[in-house]
Amino acid sequence: MEFISQPWPWYVAGPLIAFIMLSLLLSGKRFGLSSNLRSMCSIMGAGKHCEFFDFNWKAQSWNLIFAVGLIAGGFIANQWMGADGVNISQQTIAELENMGVINPGQSMVPSELFSWDNLLTIKGLIAVILGGFLVGFGARYAGGCTSGHAISGLSDLQLPSLIAVIGFFIGGLAITYFVTPFLLNL
Amino acid sequence: MKFIKFLFFGILFGITLTKAEVISWYRIYEMFRFQSFHMYGVIGSAVVLGIIIIQIIKRKQIKSIEGNPITIEPKEKSVVRYLVGGIIFGFGWALTGACPGPLFTLVGNGVSVMLVAIASATLGTYVYGILKNHLPH
C-alpha cells in the first residue's frame, strides 16, 4: 500500500497513459481531451450561428463522460491516495523561492497564481483567464492538445503532430523563460 | 451503461495524472526549465509504448470491440496551423501549467478556480471557431 500513497514514477505513469490510449482505440474511440471544449460550445448553442460548432456532439458524449472521470479520478487520488505536495527538484524549488513563490511544491499549484482570492489580480487574470483562453484557442487551431498530438499523434508517427509538439515547446519555453519570472513578481 | 467504461478509463487517467504530479504547475515549469527528467519520462515512455501498440494494431489489423478496423485518420498536411496553433497552445500550457486533461483533474483535486480556466478555454475554442475562416491554416 505504500506504493499507492507515494508519488508514481514516470515509468508507471507513461505506460498507464499508453494503456488508456489503447483502451480507447479498442473501444473505437480516439484519445483527445480538447475536443470536449468544442462539444461544450456546441451544447451551449454555438452551432446555430457558427458552422464549426454545427456537428453531432452526441457522438462525442463518451468523451465528456471521460472528462467527468478525470475530475472524479483527481478527487479520489486527492482524498484517499495520499496526493499531497509535489516532488520537484531542489534546483526548481530554489529558483522559484528566489522569484518570491512561498513554499514551492508544497501544494499542487502556487496559490499566488491559482486561487479564488487572487483570480482578479493581474497575476490571476494572466495565469487563469488568459492562460485558459490560449489553451482553448491554440488547441483547436493546432487540431489537438497534449493527448491528441503529443501522445496519439506521435504514437502514430504523424508529422503534423510533431510540428504541433515543437510548437507547444516553442510557446512553453518562451513563456517560462521570458514571462513567468515577471509574472511572479507582479 | 455503455458509457461506464469511459468513466472508468477517465478515473484511471485522473488518478494517474494526479499521482504522477502531471497536473502540477510546478512540474510543467520544471519541464520547460529542463530541471527534471520526470515529465519527459512520462510523455516519452507513453509515446514509445504507443508507437509499438499502434504498429501492432496496424500489422495484425486488430479490430475494435465493435468489429470495426482501428484507423487513425491522418491529419491534413499543413505547417502553419500546427506551428502557430501549437505555439499559442504552448503559451497557455506554460501560463496555466495545465493542458485540457489536467484542467479537469485539478478541479477534482480541489483547485476549483480551474473551473474558470476551463470556461476561458471553452471561450477560446469558441473564438477560434468564429475566426477560423480568417486564419491561415
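So in region A:151-177, with the set limited to residues that are small (Gly, Ala, Ser) and surrounded by 23 or more Cβ atoms within 10 Å (Cβ to Cβ), which one is farthest from residue B:91 (Cα to Cα)?
A:155
Would you confirm whether any residue within region A:107-128 is under 16 Å from residue B:87 (Cα atoms) and within 16 Å of the chain's Cα centre (by Cα)?
No, there is no match, as no residue in region A:107-128 is under 16 Å from residue B:87 (Cα atoms) and within 16 Å of the chain's Cα centre (by Cα).
State yes or no: is residue B:94 in contact with a Gly (Cβ under 6 Å, 6 or more places away or on another chain) and closer than 23 Å to residue A:101 by Cβ?
yes
Where residues in region A:46-55 are at pLDDT 95 or above and in a loop (DSSP other than H, G, I, E, B), which of them is surrounded by the most Cβ atoms within 10 Å (Cβ to Cβ)?
Once the filter is applied, the top-ranked residue is A:50.
Here is a check on your reading of the model: is residue B:59 of a type in the set (D, E, K, R), assigned to a helix (DSSP H, G or I) and crowded, with 20+ Cβ neighbours inside 10 Å?
Working: of a type in the set (D, E, K, R): yes; assigned to a helix (DSSP H, G or I): yes; crowded, with 20+ Cβ neighbours inside 10 Å: no.
In short, no.
Inspect all residues belonging to region B:69-79 and state whether any of them is assigned to a loop (DSSP other than H, G, I, E, B), among the hydroxyl-bearing types (Ser, Thr, Tyr) and either surrounded by 14 or more Cβ atoms within 10 Å (Cβ to Cβ) or more than 7 Å from chain A (Cβ to nearest Cβ) (or both).
Checked region B:69-79: at least one residue is assigned to a loop (DSSP other than H, G, I, E, B), among the hydroxyl-bearing types (Ser, Thr, Tyr) and either surrounded by 14 or more Cβ atoms within 10 Å (Cβ to Cβ) or more than 7 Å from chain A (Cβ to nearest Cβ) (or both).
Just checking, how many residues over region A:89-112 are crowded, with 18+ Cβ neighbours inside 10 Å, part of a loop (DSSP other than H, G, I, E, B), more than 7 Å from chain B (Cβ to nearest Cβ) and aliphatic (A, V, I, L, M)?
Going through region A:89-112 one residue at a time, the tally reaches 1.
Which of (1) in contact with a Ser or Thr (Cβ under 9 Å, 6 or more places away or on another chain); (2) closer than 26 Å to residue A:20 by Cβ; (3) of a type outside the set (S, T, N, Q) is the odd one out, the single condition residue A:169 does not satisfy?
The single condition residue A:169 does not satisfy is (1).
So how many residues does region B:47-56 have that are surrounded by 15 or more Cβ atoms within 10 Å (Cβ to Cβ) and more than 7 Å from chain A (Cβ to nearest Cβ)?
Selection size over region B:47-56: 1.
Based on this model, can you work out whether residue A:38 counts as over 18 Å from residue B:11 (Cα atoms) and among the basic types (Lys, Arg)?
yes
Name every residue in region B:71-98 that is of a type outside the set (A, V, I, L, M, F, W, C), within 27 Å of residue A:25 (Cβ to Cβ) and touching a residue at least 40 places away in the same chain (Cβ under 8 Å), in order of residue number.
B:78, B:81
Do you know which residues across region B:30-46 are within 7 Å of chain A (Cβ to nearest Cβ) and either buried (at least 24 other Cβ atoms within 10 Å of the Cβ) or among the acidic types (Asp, Glu) (or both)?
Across region B:30-46, the qualifying residues are B:30, B:42, B:46.
Give region A:129-151 a look and list any residue that's more than 7 Å from every other protein chain (Cβ to nearest Cβ), assigned to a helix (DSSP H, G or I) and either in contact (Cβ under 8 Å) with a residue 40 or more places away in the chain or at positive phi (or both), or say none.
A:148
Of the residues that sit in region A:33-45 and are in contact with a helix residue (DSSP H, G or I) (Cβ under 7 Å, 6 or more places away or on another chain) and part of a loop (DSSP other than H, G, I, E, B), which one is nearest to residue B:133 (Cα to Cα)? Write out each step before concluding.
Step one: filter region A:33-45 for residues in contact with a helix residue (DSSP H, G or I) (Cβ under 7 Å, 6 or more places away or on another chain), giving A:33-43.
Among the residues that remain, those that are also part of a loop (DSSP other than H, G, I, E, B) are: A:33-34.
Details: A:33: 23, A:34: 20 Å.
Of everything passing the filter in region A:33-45, A:34 is nearest to residue B:133 (Cα to Cα).
Looking at A:26, A:37, A:22, which is the one that is surrounded by fewer than 17 Cβ atoms within 10 Å (Cβ to Cβ), more than 30 Å from residue B:35 (Cα to Cα) and either facing another protein chain (nearest Cβ under 7 Å) or of a type in the set (S, T, N, Q) (or both)?
A:26
One residue is enough: does region B:110-126 have a residue meeting the conditions surrounded by fewer than 22 Cβ atoms within 10 Å (Cβ to Cβ), out of contact with any Gly (no Cβ under 6 Å at 6 or more places or on another chain), facing another protein chain (nearest Cβ under 7 Å) and at positive phi?
Checked against the condition, which is being surrounded by fewer than 22 Cβ atoms within 10 Å (Cβ to Cβ), out of contact with any Gly (no Cβ under 6 Å at 6 or more places or on another chain), facing another protein chain (nearest Cβ under 7 Å) and at positive phi, region B:110-126 yields at least one hit.
Report yes if residue B:23 is surrounded by 21 or more Cβ atoms within 10 Å (Cβ to Cβ) and of a type in the set (A, V, I, L, M, F, W, C), otherwise no.
Working: surrounded by 21 or more Cβ atoms within 10 Å (Cβ to Cβ): yes; of a type in the set (A, V, I, L, M, F, W, C): yes.
It is true that residue B:23 is surrounded by 21 or more Cβ atoms within 10 Å (Cβ to Cβ) and of a type in the set (A, V, I, L, M, F, W, C).
Give the residues of region B:1-29 that are farther than 16 Å from residue B:103 by Cα, facing chain A (nearest Cβ under 7 Å) and in a loop (DSSP other than H, G, I, E, B), sorted by residue number.
The answer is B:3, and nothing else.
Mind counting the residues in region B:3-29 that are in contact with a Ser or Thr (Cβ under 8 Å, 6 or more places away or on another chain) and of a type in the set (Asp, Glu)?
Of the residues in that region, 0 qualify.
The values are calculated or read from the model by the stated rules, or taken from the named source; none is laboratory data. No experiment lies behind these values; they were computed from the predicted model shown. Neighbour counts run over all protein chains shown; Cβ positions are idealised from the backbone, glycine included.
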